[in-house]
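Asker: First the structure, which I've put down as structure tokens, then a few questions once you've had a look.
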Amino acid sequence: MLTHLSRATSVEEAREALTGFTTIGQNWVVVDVEGTIGWFPYNRLPYRPFADMGEYAPFRPLPGDGSAEWVGTIPLEELPQLLSTSGYVATANNDMTGHLDDGDPTNDCPGVVLQSQAAAGYRQERIQSELQTGFGEHTVDTMLALVGDVHSAIGEQLTPALVQAATEGADDLTAGGQAILAALEAWAYTCPTGLDGFRVDSPLASSASELAEARGCAAFHATIDYLRGLLWNDEVEAYGLSRSPNLQLLVFSLAQPDALAAGDIYWDDVRTDATETKAQLVAAAMNAAAARLQTLLGADPAEWVWGRVHTVSPAADLFSMIGVTDYDGPRYANDGGLFTVDVANPRMGGNYDHRAGASTRFVCEAPASGVRCTFQLPGGQVDDRQSPHFADLLERYVVNEPTPIVFDVRAVEAVETLTLR
């Protein structure tokens, strides 16, 4: 099948070749010289006629008595896919079909359940917006900027509501809470590290605007971290819920309360006789956020920059899984944040480091002179901590610096030979 794919001369021929790749669950994106782009996430997925009966959710344990059996597979032509002549295709782990809009993936297309959960659409929306901006004028440089984009779309959506509520509850703000509010008021919704270097102990950046952005990003993530608990922990406790709501409840309560079926009711603590307000809870969250950043970074709000806490480090998986960190790499400051295009979701409820990101950033162009590509990988070239190549690619990765892919051995600058006996 790979031979057929390599010989394809059009998107349609490539699609035919890809019908043989139905066991690895990959997103295939192909383009031909006519400018047609094809997106084919082909896989053999089971047809589940029992799913639309409302009795069994196919993503939960099912009975083995024959009442929840698969009946063949969904035809490949019925899977989400796209042939585009618009100049671009964009996906980002988002809902591919709209079946999750109402929270029930089983009620839109009988027997066809493709996703039970998906990422929030912030990344995909941001990618589409940036692709449409300056359309037809994009270059390798603009694509490199896009895969490393750290604009916080969720921050842009929620921060005005946070600022308004905190202003209304200003009497409840501590000095630290006021510093959080000031940082959010000055924030333009990007998430740089605020450091002059990729190490956590690097000096602060010399750019005042970058420092303001790094403080705003830290203030935002710490605030919503505490606010989500204040918003729904009372309901979780009072009603004995087995799990907490997802972040969408906070998003709707802040930005679109009219879209909630129950209305704008979640700010009140159901465990008390008093009626708590949005302004009170937002102020309390900012006070708690300030106290947390003080614990992590010290009393001076000028030091509350994102890169000091939003870190990543290479882990030796087998050892790290059992708590042995001796073989892990050093911590690096990293930019990005919750739902940014450059994947860097922080661990909330902790120190705001992140454990998962883009497995690669890959950009190619295909001029008449030949294909040229770059990559960025979060790792090193050798597994020897004493080697300068142990984390050299990761150090480039955290600052979004691309490395050219060499297609011609004559272009290789240096070769190391390792002889094993």
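All of the numbers you see were taken from the coordinates with simple rules; none came from a lab. Keep in mind that this is a model prediction, so the values were computed, not measured. Virtual Cβ from ideal backbone geometry, glycine too; neighbours counted across all protein chains shown.
Asker: Placing +1 on the Cβ of each Lys and Arg and -1 on the Cβ of each Asp and Glu in the chain, which of Gly357, Gly134, Leu82 has its Cα farthest towards the positive end of the resulting dipole?
Answerer: Toward the positive end, the furthest listed residue is Gly357.
Asker: Give the cysteines in the chain for which no other Cys Cβ lies under 4.7 Å away, or write none if there are none.
Answerer: Cys109
Asker: Hey, could you pull the Cα Rg and Dmax for region 193-339, both in Å?
Answerer: Values for region 193-339 (Cα only, Rg and Dmax): 18.7, 53 Å.
Asker: Can you give me the distance in nm between label points at Thr325 and Leu377, each placed 7 Å from the Cα along the Cα-to-Cβ direction?
Answerer: 2.6 nm
Asker: Sticking with this one: For Kirkwood radius over Cα pairs in Å, which listed value, (i) 23.7; (ii) 22.5; (iii) 24.7, comes from the coordinates shown?
Answerer: This structure yields the entry labelled (iii).
Asker: When only DSSP loop residues count, what chymotrypsin sites (Phe, Trp or Tyr not before Pro) in region 108-211 have their Cβ near at most 15 other Cβ atoms within 10 Å? Display every interim value, and only then the final one.
Answerer: Values: sites: Tyr122, Phe135, Trp187, Tyr189, Phe198; in loops: Phe135, Trp187, Tyr189, Phe198.
Here the sparse-neighbourhood loop sites are Phe135.
Asker: A follow-up question, please. Of the chymotrypsin sites (Phe, Trp or Tyr not before Pro) in region 212-288, which ones lie in a loop per DSSP and count no more than 16 other C-beta atoms within 10 Å? Walk me through the numbers on the way to the answer.
Answerer: Values: sites: Phe220, Tyr226, Trp232, Tyr239, Phe252, Tyr266, Trp267; in loops: Tyr239, Tyr266, Trp267.
Sites meeting the loop and neighbour criteria: Tyr239.
Asker: Still on this structure: Would you please give the FRET efficiency between Phe135 and Arg199, computed as 1/(1 + (r/R0)^6) with r the Cβ-Cβ distance and R0 = 45 Å, to the nearest 0.05? Please report the intermediate quantities before stating the final value.
Answerer: Details: r = 38 Å, r/R0 = 0.85.
Efficiency computed from Cβ-Cβ geometry: 0.70.
Asker: Could I ask something else about it? For the chain, what is the mean residue ellipticity at 222 nm derived from helices alone (per DSSP H run of n ≥ 4: -39500 (n - 2.57); sum divided by total residues; nearest 500 deg cm²/dmol)? The partial results should precede the final answer.
Answerer: Working: 11 runs with 129 residues, N = 421.
The per-residue figure over the chain is -9500 deg cm²/dmol.
Asker: Right, something else. With springs only between Cα atoms under 10 Å apart, run a GNM on the chain and tell me which of Val282, Val363, Val150 wobbles the most.
Answerer: Ranking Val282, Val363, Val150 by mean-square fluctuation puts Val363 first.
Asker: Given the options Leu83, Leu195, Leu241, which has the most mean-square fluctuation in a GNM of the chain, springs set between C-alpha atoms less than 10 angstrom apart?
Answerer: Of Leu83, Leu195, Leu241, the most mobile in the Gaussian network model is Leu241.
Asker: To continue, here is another question. Taking the beta-carbon count within 10 Å as an exposure proxy, list Thr19, Thr139 from fewest neighbours to most.
Answerer: Working: Thr19 13, Thr139 10.
Fewest-to-most Cβ neighbours within 10 Å comes out as Thr139, Thr19.
Asker: Calculate, for Glu401 and Ala186, the FRET efficiency according to 1/(1 + (r/R0)^6) with r their C-beta to C-beta distance and R0 35 Å; round to the nearest 0.05. Don't jump to the answer; show the numbers that get you there.
Answerer: Details: r = 28 Å, r/R0 = 0.81.
The calculated FRET efficiency here is 0.80.
Asker: What is the fewest-to-most order of Ile405, Ile37, Ile154 by other Cβ atoms lying within 10 Å of their Cβ? Before the final figure, lay out each step's value.
Answerer: Details: Ile405 13, Ile37 17, Ile154 23.
Listed from fewest to most nearby Cβ atoms, that is Ile405, Ile37, Ile154.
Asker: Most fluctuating residue of Glu16, Glu185, Glu156 in a GNM of the chain with Cα springs under 10 Å: which is it?
Answerer: Result for the chain, Cα springs under 10 Å: Glu16 fluctuates most.
Asker: Still on this structure, I have one more. Region 2-118: percent of C-alpha pairs farther apart than 17 Å? Kindly include the intermediate steps, with their values, before the conclusion.
Answerer: Working: 4174 of 6786 pairs.
So the pairs more than 17 Å apart make up 62 percent of the total in region 2-118.
Asker: Which listed residue (Pro330, Thr193, Ala302) has the Cα farthest towards the positive end of the charge dipole for region 122-355, taking +1 on Lys and Arg C-beta and -1 on Asp and Glu C-beta about the Cα centre?
Answerer: Of the options given, the answer is Pro330.
Asker: So how much slack lies between Asp264 and Asn233, counting 0.36 nm per residue of separation and subtracting their Cα-Cα distance, in nm? Write out the running numbers ahead of the final one.
Answerer: On the way: separation 31, 0.36 × 31 = 11.16 nm, distance 1.60 nm.
Stretched out fully, the Asp264 to Asn233 stretch lengthens by 9.6 nm.
Asker: Another question, then. Which helices pass in the chain if a helix is a full DSSP H run, must span at least 27 angstrom along its long axis by Cα, and must have mean Kyte-Doolittle hydropathy not below -1.0?
Answerer: Details: long enough: 208-238 (46 Å, 0.02); 278-297 (28 Å, 0.81).
Span-like helices here: 208-238, 278-297.
Asker: Between Ala368 and Ser10, what is the label-to-label distance in nm when each label sits 7 Å out along the Cα-to-Cβ direction?
Answerer: Result for the modelled spin labels: 2.3 nm.
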